[in-house]
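S.K.: Pasting a structure below so you can have a look.
The values are calculated or read from the model by the stated rules, or taken from the named source; none is laboratory data. Keep in mind that what you see is a predicted model, and the values were worked out from it rather than measured. Counting neighbours? That spans all protein chains shown, and the Cβs are built from the backbone with ideal geometry, glycine included. Each accessible area value is taken on the protein alone, full model and side chains, heavy atoms only, with ligands, DNA and RNA left out. Shrake-Rupley method; radii C 1.70, N 1.55, O 1.52, S 1.80 Å.
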Amino acid sequence: MHDMSAHAAEHHAPTSFIRQHVFSLDHKVIGKQYYGLALVAVLVGMVLSWLMRIHLAWTNYPIPGLHLLSANGAPGNVMTPEYYLQLMTMHATIMVFFVLTTAPFAAFGNYFLPIQVGAEDMPFPHFNMMSFWVTFVGFLVLMSSFFVSDGPTLGGWTQYAPLSAIGSASGPGQGTGVVLWATAICIFCIGQLLGSLNFITTTLDMRTKGMSMWRLPLSAWAWFITSVMGLTAFAVLMPATILLILDHVAGTSFFVPSGLVLNDQLQPHSGGSTLLWQHLFWFFGHPEVYIAIVPGMGIVSHILITNMRRPMLSHRVLVYSMGALAVLSYMVYGHHMFLSGMNPVSSLAFSFPTLVITIPSTIIVLIWMGSIYGSKLRINTASLFALGFVSMFISGGVSGFFLAQPSIDIMLHATYFVVGHFHLVMAVAAIFGIFGGTYFWFPKMFGRMMNETLGKVHFWLTFVGAYCIFMPFHYLGIAGNVRRYQAFVDDYLQPLIPVHRFITIAALLTGAAQLIFLYNLFHSRFWGKPATGNPWEATSLEWSTPTTPPPHNNFGDKLPEVFHDPYQYGVESSTGDYVMQASPEKVKSAHDEA
């Protein structure tokens, strides 16, 4: 470890409003900005999902005011098939990039990683500020596609070539909409690369005295592993989006083959490869699943340990397993391409590691369950969402075994079965991690407690609602319900319409339940009960700051010195059944792995 602490955070506490709250160099403010961006994005994404679900349940129902969003896409407030696909594309893109990546990794990681390693700030604060504002610009560019003449792209968040690469001839939004989509994602990638560089350097070079790598909390390990994945994955997606833009505006043919005929017109392209886009996209796309879920694993582990009052069965095995997920995530991306005409030998080469990657996931789950078993778990909103994360991860992950088999995946790939799988294991699980982190760290971030009663009501409504929405998707998939259909006119799909209506009602009610969270969040921010410095009796360094919220330089005039591992619970000490990491008090414990 190199001592960069003397060179970090050379900026002094800001005095102007702009430097304090807008173009701030403070990692804590930047973390809050990322959280705010994710909050806005998830509200937009949720409203889009409501519109889609209403249309699927009652296809010809006029949705009041929809024509204001797009007169061409919703004449008479009735959604057209093309506009349904456009809303689906925007929903998926917003949720994957600006919610599932932004909140658990960039928001919580920015705020707490420097504090958990005992640093004053990130090593490159200007890069950190740039990372947020570049990401924010990317979000604005993406949202601007709602306001161009033919609307946003309808190609899905995967934007498969050649339809995404040949311009407006392939459908509404496939001209300017695709260019704006690709530009937004390219800008987003730049922001994430800047952030990943900061995270990696903070973890490796900014640790305070006594903070060995094995004394890092599991949340810090998760952010570090995720940043390494992000540095590689986003570095592949960014040039891919640039090539896609060039196919639109510069007449190139990276993703368009020769001899392509569309609407009886020979397209003026030659020499490209439609599968090249799939390879580039999914080399990013599958690590992106773990970029979304690994931070949640670390956050949930951190919350569970604090409420179990004892360490996990094995701190190191959990870290190794999260690292194994990161490495293996690059070896399995081809299972998204079983339908592309892949050679059976290649299918086998991707199917085997897809099954292997379930091993570290299973180890993590077994460590969680084995650690919880027999513990006197404190039941609060944060621990409930942590348990909900475990439940969603298991329920969604089990269906992955089926999709790892090429012969089964070929039948299920284009159905709602896959939609149910990735929503549970990636989206809902990650969002439960975000909720858990919010309830757990809110006292440290804002100096006030969230309302526990409202929090528990929010949890149960969200937990039951999520299962009511996404478990039936698996049934629909097995019944042959093809995803991306905007209406169910075939005879074999007619009996499935009541299931869709049940899902829609559940989605509307579950979405409405999030108003409880929003009220709790904003009311507690200003009028919540004042929090003590360590309300959960936790041990890691974020609970050792001299004030709550932490001061500008996190620890005042002197950086802490670490004497213990981050999870010294179940011991006898002057503070009770735990010892803070920065406390020099000596205790007998078999869990200090440093």
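S.K.: Mind jotting down the three principal axis lengths of region 36-141 based on Cα atoms? Whole angstrom, largest first.
M.R.: Here the Cα extents, ordered largest to smallest, are 58, 23, 18 Å.
S.K.: Another question, then. GLU561: accessible area at probe 1.4 Å, nearest 10 Å²?
M.R.: 70
S.K.: Please work out the Cα convex hull volume for region 215-346 and give it in Å³ per residue.
M.R.: Considering the Cα atoms of region 215-346, their hull volume per residue is 145 Å³.
S.K.: Ok, one more. Under the rule of -39500 (n - 2.57) per DSSP H run of 4 or more residues, summed and divided by the residues of the chain, what mean residue ellipticity at 222 nm is obtained, to the nearest 500 deg cm²/dmol?
M.R.: Theoretical 222 nm ellipticity from helices: -19000 deg cm²/dmol.
S.K.: Using the heavy atoms of the protein chains alone and a 1.4 angstrom probe, what is the accessible area of region 240-299 per residue in square angstrom?
M.R.: On the way: 2300 Å² over 60 residues.
In whole numbers, region 240-299 has 38 Å² accessible per residue.
S.K.: Let me ask something additional. To the nearest 20 Debye, how big is the dipole of the chain about its Cα centre, given +1 on the beta carbon of each Lys and Arg and -1 on that of each Asp and Glu?
M.R.: Magnitude of the dipole: close to 1000 debye.
S.K.: Going down the list LYS376/LYS444; LYS529/LYS586; LYS456/LYS529; LYS376/LYS558; LYS456/LYS558; LYS28/LYS586, which pairs span over 28 Å between their C-alpha atoms?
M.R.: LYS529/LYS586; LYS376/LYS558; LYS456/LYS558; LYS28/LYS586
S.K.: Classify region 521-573 from the C-alpha gyration tensor, please: rounded if a/c falls under 1.5, else prolate or oblate depending on whether a/b exceeds b/c. Walk me through the numbers on the way to the answer.
M.R.: On the way: a/c = 3.13, a/b = 1.41, b/c = 2.23.
Note, shape of region 521-573 comes out oblate.
S.K.: Expected output is a single nm value to one decimal: the length gained when fully extending between CYS468 and SER340, i.e. 0.36 nm times separation in residues minus the C-alpha distance. What is it?
M.R.: Separation in residues times 0.36 nm, less the Cα-Cα distance, equals 42.8 nm.
S.K.: For a quick check of understanding: with a 1.4 angstrom probe and all protein chains in place, what accessible area in square angstrom does HIS126 have, to the nearest ten?
M.R.: The accessible area comes out at roughly 100 Å².
S.K.: Please give the length that would be gained between LEU68 and VAL47 if that part of the chain were fully extended, namely 0.36 nm times their separation in residues minus their C-alpha to C-alpha distance (nm, one decimal).
M.R.: 6.1 nm
S.K.: Can I ask one more? So what is the accessible area of region 466-567 per residue, in Å², with the probe set to 1.4 Å?
M.R.: On a per-residue basis, 47 Å².
S.K.: A further question on this structure: On the accessible surface of region 1-159, probed at 1.4 Å, how many percent belong to carbon and sulfur atoms?
M.R.: It is 70 percent, rounded to a whole number.
S.K.: Can I ask one more? Please say if the chain is rounded, prolate or oblate, where rounded means a/c under 1.5 for a ≥ b ≥ c the square roots of the C-alpha gyration tensor eigenvalues, and otherwise the choice is prolate for a/b larger than b/c and oblate otherwise?
M.R.: Taking the square roots of the gyration eigenvalues as a ≥ b ≥ c, the chain is prolate.
S.K.: If you don't mind, there's one more thing I want to ask. Which order do SER131, SER168 take when ranked by solvent-accessible area (1.4 Å probe, heavy atoms of all protein chains), largest first?
M.R.: If we order SER131, SER168 from most to least accessible, we get SER168, SER131.
S.K.: With the cut-off at 1.5 for a/c, could you classify region 86-228 from its C-alpha gyration tensor as rounded, prolate or oblate?
M.R.: prolate
S.K.: For the full complex of protein chains and a 1.4 angstrom probe, list ASP565, ASP150 by accessible area with the highest value first. Walk me through the numbers before you get to the answer.
M.R.: Working: ASP565 10, ASP150 50 Å².
Sorted by accessible area, descending: ASP150, ASP565.
S.K.: Between VAL249 and ILE408, 0.36 nm times their residue separation minus their Cα-Cα distance comes to what?
M.R.: 53.3 nm
S.K.: Work out the charge dipole of the chain with +1 on the Cβ of Lys and Arg and -1 on the Cβ of Asp and Glu about the Cα centre, then indicate which of GLY65, SER170, THR274 is farthest towards its positive end.
M.R.: Looking along the dipole axis, the top candidate is GLY65.
S.K.: Calculate what fraction, in whole %, of the accessible area of region 195-274 sits on carbon and sulfur atoms when a 1.4 Å probe is rolled over the protein chains.
M.R.: 62
S.K.: Could you please state how large a percent of the accessible area of region 383-487 is carbon and sulfur, counting protein chains only and using a 1.4 Å probe?
M.R.: 75
S.K.: How many percent of Cα pairs in region 178-265 exceed 23 Å?
M.R.: Considering region 178-265, 46 percent of its Cα-Cα pairs are separated by more than 23 Å.
S.K.: Counting alpha carbon pairs within less than 8 Å and at least 6 residues apart, what relative contact order, in whole percent, applies to region 28-143?
M.R.: Over region 28-143, the number comes to 39 percent.
S.K.: Relative contact order (percent) for the chain, with alpha-carbon contacts under 8 angstrom and 6 or more residues of separation? Walk me through the numbers before you get to the answer.
M.R.: Values: 1031 pairs, mean separation 89.7, N = 594.
This gives 15 percent for the chain.
S.K.: Largest first, how would CYS189, CYS468 line up by accessible area (1.4 Å probe)?
M.R.: CYS468, CYS189
S.K.: Additional query: Rounded to the nearest 20 debye, what is the charge dipole size of region 1-153 about its Cα centre when +1 sits on each Lys and Arg Cβ and -1 on each Asp and Glu Cβ?
M.R.: Here region 1-153 has a charge dipole of around 360 debye.
S.K.: In addition: Given labels modelled 7 Å from the Cα in the Cβ direction, how far is it in nm from ALA235 to VAL457?
M.R.: 5.0
S.K.: Probe of 1.4 angstrom, ligands and nucleic acids ignored: what's the accessible area per residue over region 75-222, in square angstrom?
M.R.: Accessible area per residue, region 75-222: 24 Å².
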